[in-house]
Amino acid sequence: MTLSDTQLPLILIVEESDSQAQALISLLDNAGFAVRRVASGEEALSCLDSGLPDLVVSDYHLPGMNGGQMARQFRMNAQTRSIPILMLTEDEAPGLEREGLESGADAYISKSAHPDLLVLRIRALLREGSDFLQAEEAGRFRRARIVIVTSPRSDDCEEETSENANWARDAAGASLGELLWRDGHTVTTVTASSELINGAWLGGEEGPDCLVLDLTSRLLDGVNFCRRLDARRQDVLEAGGTSFRILGIVDADRFRRHSAADLFDAGLDDLVPSDIAPDVLALRIRVLVRRKLAQDEIRQQEIKRQVREVALQTAQSEARAIAAKAAMAEALAHANAELADANARLIETQAKLVQTAKMASLGELVAGIAHEINNPLAFTLAHEETIARALRKLIDTEGPLQPSQLTLLEKCANRIGAMRLGLQRIQNLVLSLRRFSRLDESAFQDTDVVEAIDTALALLAHKFGREITVERHLTAPRMLVCQPALLHQVVMNIVSNAADAIRSRAEVEGLEPGAPSGKIVIETELRQNEQGANYVISVADDGPGVPADLRARVFEPFFTTKPVGMGTGLGLAIAYGVIEAHGGSIDIEDANLDGGHGVGACFTLSVPVRLTPTGPVTIGRSA
Ligand code: ADP
């Protein structure tokens, strides 16, 4: 906040004399500054509470504390430390200027100097900014690089040489370079030339911090030289370097009689007369350099801050990316859990379907088996009755056996043989049933394919009757690692469907019951492909076949073409699931069997087989 609401830079004038203050106010007002005036150092310090000025112009001689003491107070206060202070005095004594500068003033101007000089110095100080404070607090200033640029002189010139000029050497004979060197700076002296301006040395890391220009020679067009230097300074700035400061030394007469606007306009930062005392000049240079180094330091700190900011932003965006990934992973885990849930429900439904189909086929099976058992049982019971009757007759007989009785005995023996046959058929059925129940498990295990197919055929025998013949061509290895369901449910369903298909065709054709109506061909073989071996089981019939447009649909659950109460539509759906669990495939083609009655359907099951150190393994996920 400033003392004024205006956007113009606010200058606080500290001047006891009303007339001089008035002259200053109108000068600065005309130059476009907002101005406030106080009459003493104490007043200046107390008015700071209501707002800070951008710059202070103070008379050195003040009632109460002098300008130097006031400047020191400004520098001791953290809030006001960075406000540039320009000291004015009528006194030409070099000691005053030294004290003013050492107390913390940023520039010193004699009241007798051209009025323009005051405005130009104010502008130059405001241009430099007031940031140096923060850098000063960081306290990491390096040695400044100062270059003294002397004027070229002609041989016959009666002018004073730079070497002998007042500013160049103090009373004790110490050169300006020496004085600056004692301050800890690196000092170089060169003669002004075009090469100097064009040289790369002005930019880069090792470029100068301050150029001290001797502009006293008539051989040097000072304004032009400054302008060209300033242009180079802009180049350096644009290339990312820092700008050096330029301090000019002009002829003392010119300094007092002419405006220095042209030189400041050309880019000069500070201007001193040639009769300035070397130690005061060294002080002026020190103040100029101090601000330049401060700005360099601030720039470095800003670069570091930006680097830190970028690193922070990168870290933050990485953190955001990680958080997004975590959220995605969480969503994925959630989706996976839902999927697992759905999968579990699906497996449950599938299991229920399997159960339903099992129950349905069990009903069919039980009916068939009851029929199978009933026949041998009926004639065994009839034979038992015949035998019992004959035996009773023989028991009642007295004396040796008559030939007719011997014939009766023989008949009994024959009947007993027939009974044995019937009982054996029942025993075989029971054996098949036991195998069937034992093999109906989902674990992969060594399975005897031939035995399993025989069992299935035995259980389906009632379906074949005398009308349907079954051929077996089992060329694949007998043992296969698979789920027993592969043979007991899948193969059995397919063979059962084949029998139904043949019967339905026979019915359509109106064949007599008992007349040969068709055949089923069951084959196994090992087929080699690029991935390894496949165990292939095919079941072909000479029924009506499966129309091409139904081949995909027959695997749908509940798809059936059988009459109500005859089909569940689940047999092939279950077969599909079991084959999938083996990582295999199931295909339907026309069978076109040799000597067949119809197109026929051929169901081909194919499951991959791999040999491992522990034996043949069927690849696929377990159901
Ligand atoms: P279901 O036997 O209870 O009808 P499936 O899923 O076993 O159920 O069979 C579905 C349908 O596929 C059958 O209704 C039939 O239309 C057709 N199908 C199956 N096997 C054969 C075959 N060998 N010949 C002709 N059609 C068949």
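Rounded to the nearest whole Å², what accessible area per residue is found for the chain with the 1.4 Å probe?
Accessible area per residue, the chain: 52 Å².
Near the amide H of GLU556, under 5 Å away, which other amide H atoms are found, from residues 5 or more places off or on another chain, if H is placed in the peptide plane?
none
Could you check the spin-label model distance between THR397 and ASP594? Points 7 Å from the Cα along Cα→Cβ, value in nm.
Between THR397 and ASP594, the simple spin-label model gives 5.6 nm.
Rounded to the nearest percent, how much of the accessible area of segment 203-327 (1.4 Å probe, protein heavy atoms only) is carbon and sulfur?
With neighbouring chains kept in place, the figure for segment 203-327 is 52 percent.
For the chain, what does -39500 (n - 2.57) per DSSP helix run (n ≥ 4), summed and divided by total residues, give at 222 nm, in deg cm²/dmol to the nearest 500?
Taking each H run of at least 4 residues, the total per residue is -16500 deg cm²/dmol.
In nm, give the distance between the simple-model label positions of ILE322 and LEU474, each being 7 Å from the Cα along the Cα-to-Cβ direction.
Distance between the two pseudo-spin positions: 6.3 nm.
For LEU24, what charge total do you get from the other residues with a beta carbon under 11 Å from its beta carbon, if Lys and Arg give +1 and Asp and Glu give -1?
Overall, the nearby charge balance is -2.
How much of the accessible area of segment 438-558, probe 1.4 Å, is carbon plus sulfur, in whole percent? Provide the component values of the computation, followed by the final result.
Numbers: 2860 of 5550 Å².
Answer for segment 438-558 is 52 percent, counting heavy atoms of protein chains only.
Using a cut-off of under 20 Å, list every residue of segment 249-276 whose amide N is near the label point 7 Å from the Cα of ARG218 along the Cα-to-beta-carbon line.
Correct set: 249-259, 274-275.
Want the number for ARG308 to ASP549: 0.36 nm per residue separation, take away the alpha-carbon distance, what's left?
79.8 nm
Take every Cα-Cα pair in the chain and report what % of them are more than 33 Å apart.
67
Which helices of the chain meet both criteria: a Cα extent of 15 Å or more along the helical axis and a mean Kyte-Doolittle score no lower than -1.0, with helices taken as whole DSSP H segments?
For the chain, where a helix must reach 15 Å along its axis and average at least -1.0, the hits are 18-30, 115-128, 222-238, 278-396, 403-439, 449-464, 492-509, 571-581.
Restricting to Cα pairs below 8 Å that are 6+ residues apart, what does the relative contact order work out to for segment 372-428? Please round to a whole percent.
64
Over the chain, calculate the relative contact order: mean separation of alpha carbon pairs under 8 Å at least 6 apart, over the residue count, as a percent.
This gives 8 percent for the chain.
How would you classify segment 161-279 from its alpha-carbon gyration tensor, with a ≥ b ≥ c the square roots of the eigenvalues: rounded for a/c under 1.5, else prolate if a/b is greater than b/c, otherwise oblate? Please report the intermediate quantities before stating the final value.
On the way: a/c = 1.97, a/b = 1.24, b/c = 1.59.
Verdict is oblate for segment 161-279.
If each of LEU526 and ALA331 carries a label point 7 Å out from its Cα toward its Cβ, how far apart are those two points in nm?
Roughly 5.0 nm, to one decimal.
The values are calculated or read from the model by the stated rules, or taken from the named source; none is laboratory data. None of the values given here were measured: they were computed from a predicted structure. Counting neighbours? That spans all protein chains shown, and the Cβs are built from the backbone with ideal geometry, glycine included. With ligands, DNA and RNA removed, areas are computed over all heavy atoms of the protein, side chains included. Shrake-Rupley method; radii C 1.70, N 1.55, O 1.52, S 1.80 Å.
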